[in-house]
Amino acid sequence: MNTISEPPEVEFLSDEGLEFSIPNIGEVIDRLGVMRKQEDTTYVCSDYLELATSPSMINELCRTKMLEWCFQVTEFGKFKRDTVVMAMSYLDLFLSSGSTRAIDSIKTRREFQLASMTTLYMALKLFEPVELKPSAFATLSKNTYTAKDFAEMEFDILSDLNWHVNRPTVLSFLEHFFALIPTRLARNDMGMKSLEYICKQYTELTLSDYYFVTQKSYTVAIAVLSTSLQHISLDFIDETDRRSLFLEISNALRVELSCLSQDILLAQKRLAMKSDELSCIEPKSAHAMSCEIGKNSTMSSSNTSPSSSPICVAK
């Protein structure tokens, strides 16, 4: 059985996370238009699990367990949880590419685990203030994979993505949406901080729901913002300001929200079903879980001692 151990001894720097602040409104509007176009053309995810026709291949549960492992690693290393958003974005885009390596990663769980670990490695290298080498992740896998395995998988993923590694994520759209909120609303207000926090929680919940893989990030971001606002008092953002905000978002994206209404409503419904999970996605201990995916696509998990490490995807 393949195992994944604790991260090796590396000196990590902590980060409090994404700051929702972009000062130039004209630049925000321009960026949103470009980001939407990128989502509709360059960065498109397919329902890649349609190719997984055998019980021995990957399934939604495999993806969820690797997502949990990625969060455990980021908590252990005091990395930003937002980095996992990028890692999963790379993974989903890679598996949607239709390349021979991507199809092998869908059909073979060992390859899928390597791809999942590699996309986290890529995201950490790009977005965290720490120098990582493939050998560090080889150690992390307890030498289930070699440094060469990670280097080759990284090259294949980058090639299949045509080196496009700046996909606009739900968080990046939310960052720009927040910049459109009327300036008279103080940015250091507790209402704003609460709204940011709730949006981040809902965004993390979308990562664990395979339904959102094929949805446009800007559509999901609108649904996340709309659903999160339901938790915020009208004393902070009243109905007039909310309507004005979504009109600004529509104009900036250069698309009528009515054209997206069905996708937004479906996303809102799925998010609403997850509202009772909001308190359940606080940062978890890096040692909190062990899990195994067996040959019959079943998953078991159990608590382990503080000195144990997660066991994620096996053959």
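None of the figures in this text is laboratory data; all of them are computed from the coordinates on show. Being a predicted model, the structure only gives us computed values, none of them experimental. Reconstructed Cβ throughout: ideal geometry from the backbone, glycine too, with neighbour counts over all protein chains shown.
A few remarks follow.
- Highest to lowest packing among 217-226, 136-145, scored as the average C-beta count within 10 Å: 217-226, 136-145
- Normalised contact order of the range 55-165, rounded percent, pairs of Cα under 8 Å and 6 or more residues apart: 26 percent
- Applying 1/(1 + (r/R0)^6) with R0 = 22 Å to the Cβ-Cβ distance of Thr146 and Ser99 gives a FRET efficiency near 0.55.
- Potential lengthening between Leu61 and Ser46 on full extension [0.36 nm per residue; Cα-Cα distance subtracted]: 3.6 nm
- Three-way shape call for the range 170-280 based on the alpha-carbon gyration tensor, with the a/c threshold at 1.5: oblate
- Counting 0.36 nm for each residue step from Ser233 to Leu257 and taking away their Cα separation leaves a gain of 6.3 nm.
- Fully extended contour minus Cα-Cα distance, from Ser244 to Lys37, at 0.36 nm per residue: 72.2 nm
- Among the trypsin sites (Lys or Arg not before Pro) in the range 44-89, those placed in a DSSP loop whose Cβ has at most 16 other Cβ atoms within 10 Å are Lys78.
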